[in-house]
1. If a residue must be among the hydrophobic types (A, V, I, L, M, F, W, C) and touching a Phe, Trp or Tyr at 6+ places or on another chain (Cβ under 8 Å), how many such residues does the stretch 13-29 contain?
2. Consider Ile109 carefully, then state whether it is surrounded by 15 or more Cβ atoms within 10 Å (Cβ to Cβ), aliphatic (A, V, I, L, M) and either at pLDDT 95 or above or not in a helix (DSSP H, G or I) (or both).
3. Can you tell me which residues in the stretch 1-57 are closer than 22 Å to Asp89 by Cβ and of a type in the set (A, V, I, L, M)?
4. Among the numbered criteria (1) at pLDDT 90 or above; (2) buried (at least 18 other Cβ atoms within 10 Å of the Cβ), which single criterion is violated by Gly155?
5. Hey, can you tell me all the residues within the stretch 1-48 that are in contact with a Lys or Arg (Cβ under 9 Å, 6 or more places away or on another chain), in a helix (DSSP H, G or I) and in contact (Cβ under 8 Å) with a residue 60 or more places away in the chain?
6. Considering only residues that are within 18 Å of Tyr156 (Cα to Cα) and of a type in the set (Val, Ile, Thr), which ones fall in the stretch 25-56?
7. Counting just the residues of the stretch 1-57 that are of a type in the set (Gly, Ala, Ser) and loosely packed, with under 13 Cβ neighbours inside 10 Å, which one comes out nearest to Phe115 (Cα to Cα)?
8. What number of residues in the stretch 49-76 are part of a loop (DSSP other than H, G, I, E, B) and either closer than 22 Å to Gln100 by Cα or modelled with pLDDT under 90 (or both)?
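The values are calculated or read from the model by the stated rules, or taken from the named source; none is laboratory data. As the structure is a prediction and not an experimental result, all values here were calculated from the model. Note: ideal-geometry Cβ built from the backbone for every residue, glycine included; neighbour counts use all protein chains shown.
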Amino acid sequence: MSAWQFQKANAIAEKNGWTKFSCMQNLYNLIYREEEREMIPYLVDAGIGMICWSPLARGALSGKPAGSTKRSVSDKPRHNLINSSTALDEIVSMVATIAQKRGVTSSQIALAWLFSKPYLTAPIVGCGKEQYLDEAVAALDITLTPEEIEELEKGYKARPIFGYTAGKLV
């Protein structure tokens, strides 16, 4: 959903005396940051929370090599998301470098980056194993330096919005 559509839904709710949306669920991670263009500024301005899904970019930011799991091979939406990123390798490499320097996992660095964003209410973390849940919780204790955040963000290249364009599914 685009920012204008979400704003319109809230305006309709307000006009009719209905409960307005208090939170938005967005695709958002180090590889896909298009919500920074319009949605996040709207959410901040309207005081609406943001819950991001796919915080590890469908596993691309987990530190596991591409194609190392059955799911990573068969997950078509994952391929669409990560293959459309011209900066994927650079971002994944920087996440791994910072993780190695800190002695933590790539997943934890990717989540710590999200936790550094004041507009984020919470990420939706999928955990196929208990250890992944433990790693995600431990990421709450990691505070990235401004320099680390800058390094993680500098390789990002804007691209077309994933999932819809002018209301049409892509």
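1. 4
2. Yes: the conditions hold for Ile109.
3. Leu27, Leu30, Ile31, Leu56, Ala57
4. In the conditions (1) at pLDDT 90 or above; (2) buried (at least 18 other Cβ atoms within 10 Å of the Cβ), Gly155 misses (1) alone.
5. Glu34, Ile40
6. Of everything in the stretch 25-56, those that are within 18 Å of Tyr156 (Cα to Cα) and of a type in the set (Val, Ile, Thr) turn out to be Ile31, Ile40.
7. Our first condition is that a residue be of a type in the set (Gly, Ala, Ser); within the stretch 1-57, this holds for 2-3, 9, 11, 13, 17, 22, 46-47, 49, 54, 57.
If we keep only those that are loosely packed, with under 13 Cβ neighbours inside 10 Å as well, we get 11, 17, 22, 47.
On the way: Ala11: 29, Gly17: 34, Ser22: 19, Gly47: 18 Å.
Once the filter is applied, the top-ranked residue is Gly47.
8. Taking the stretch 49-76 first, the residues part of a loop (DSSP other than H, G, I, E, B) are 54-69, 75.
Then drop every residue that is not either closer than 22 Å to Gln100 by Cα or modelled with pLDDT under 90 (or both), which leaves 55-69, 75.
Number satisfying all stated conditions: 16.
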